[in-house]
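**Student:** Dropping a structure here in structure tokens format, bear with me for questions.
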Number of protein chains: 2
Amino acid sequence: MKARITVTLKTGVLDPQGKAIEAALKSLGINGIEGVRQGKVFDLEVSTPDAASAQATLKAACEKLLANTVVENYAIEIA
Amino acid sequence: MKARITVTLKTGVLDPQGKAIEAALKSLGINGIEGVRQGKVFDLEVSTPDAASAQATLKAACEKLLANTVVENYAIEIA
């Protein structure tokens, strides 16, 4: 089955990359966008027998590799 | 209003970063995950008067800065 993991910075964690994008948008003449924060998205194909074990596998992947849980949140969606 | 832009690689475009993640997951003992593809997500705060102009602003941001439309697709969600 297909799954999507979204990793975003926790509230309060500085995001210089987002700030740079905000400034770049303004310098390109695109106004009205504020508070940009960048995250990561992973589209995965999971080959476990059921949704519960897929959820457990994906949680392990997030905790061990995909997200730094000190400063990042992750969300798992199984399609 | 809040918006989320998701930028993903088009089908058929090689994703060495995704392949590296796949290999890393296997070496960590997490099995059952295949076909990892990494993308980017942007959470933005839009200060335009209505949803139609927000959509137009975000489309311009994607086309001009956030996505390389030769190899990437983008999706805009307005919350």
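**Student:** Scale the Cα Rg of chain A by the rule-of-thumb value 2.2 N^0.38 Å and send over the ratio, two decimals. Could you put the intermediate results ahead of the total?
**Tutor:** Working: Rg = 16.0 Å, N = 79, 2.2 N^0.38 = 11.6 Å.
Compared with the compact-globule rule of thumb, chain A sits at 1.38.
**Student:** Relative to the first principal axis of the alpha-carbon coordinates of chain A, what is the inclination of helix A:51-61, with its axis defined by its Cα atoms, in degrees from 0 to 90 and to the nearest 10?
**Tutor:** Once rounded, the angle reads 50 degrees.
**Student:** If packing is taken as the average number of other Cβ atoms within 10 Å across a peptide's residues, how do A:69-79, B:18-28 rank, most packed first? Could the numbers behind the result be given before it?
**Tutor:** Numbers: A:69-79: 13.3, B:18-28: 14.9.
My ranking of the peptides, most packed first, is B:18-28, A:69-79.
**Student:** What FRET efficiency comes out for A:Asn31 versus B:Ile78 if R0 is 25 angstrom and r is the Cβ-Cβ distance? Round to the nearest 0.05.
**Tutor:** Working: r = 17 Å, r/R0 = 0.68.
Computed FRET efficiency for A:Asn31 and B:Ile78 comes out at 0.90.
**Student:** Quick check: residue separation of B:Ala52 and B:Leu65 times 0.36 nm, minus the Cα distance between them. What number comes out in nm? Intermediate values should be presented prior to the final figure.
**Tutor:** Details: separation 13, 0.36 × 13 = 4.68 nm, distance 1.99 nm.
Using 0.36 nm per residue and subtracting the Cα-Cα distance, I get 2.7 nm.
**Student:** Name the shape class, rounded, prolate or oblate, that the alpha-carbon gyration tensor gives for the protein assembly as shown, where a ≥ b ≥ c are the square roots of its eigenvalues, rounded holds for a/c under 1.5, and otherwise prolate holds if a/b is larger than b/c and oblate otherwise.
**Tutor:** It is prolate, given that a/c is not under 1.5 and a/b is the larger ratio.
**Student:** Between chains A and B, what is the buried accessible area in Å², counting both sides, with a 1.4 Å probe and ligands, DNA and RNA left out, to the nearest 100? Working shown, then result.
**Tutor:** Working: alone 5480 and 5490 Å², together 8320 Å².
Separately minus together, A and B give about 2700 Å² buried.
**Student:** Another one. To test your reading of the geometry: what angle, between 0 and 90 degrees and rounded to tens, separates the Cα axis of helix B:16-27 from the longest principal axis of chain B?
**Tutor:** 50
**Student:** Calculate what fraction, in whole %, of the accessible area of the stretch B:2-78 sits on carbon and sulfur atoms when a 1.4 Å probe is rolled over the protein chains.
**Tutor:** Result for the stretch B:2-78: 57 percent of the exposed heavy-atom area is carbon or sulfur.
**Student:** Please report, in Å, the Rg and the Dmax of the stretch A:1-44, where both are computed over Cα atoms only.
**Tutor:** Both quantities, over Cα of the stretch A:1-44: 13.4, 42 Å.
The values are calculated or read from the model by the stated rules, or taken from the named source; none is laboratory data. Quick caveat, the model's predicted, so the values are computed rather than measured. Quick reminder, even Gly has a Cβ in these numbers, built from the backbone with ideal geometry, and neighbours come from all protein chains shown. Side chains included, ligands, DNA and RNA excluded: accessible areas come from the protein's heavy atoms. Shrake-Rupley method; radii C 1.70, N 1.55, O 1.52, S 1.80 Å.
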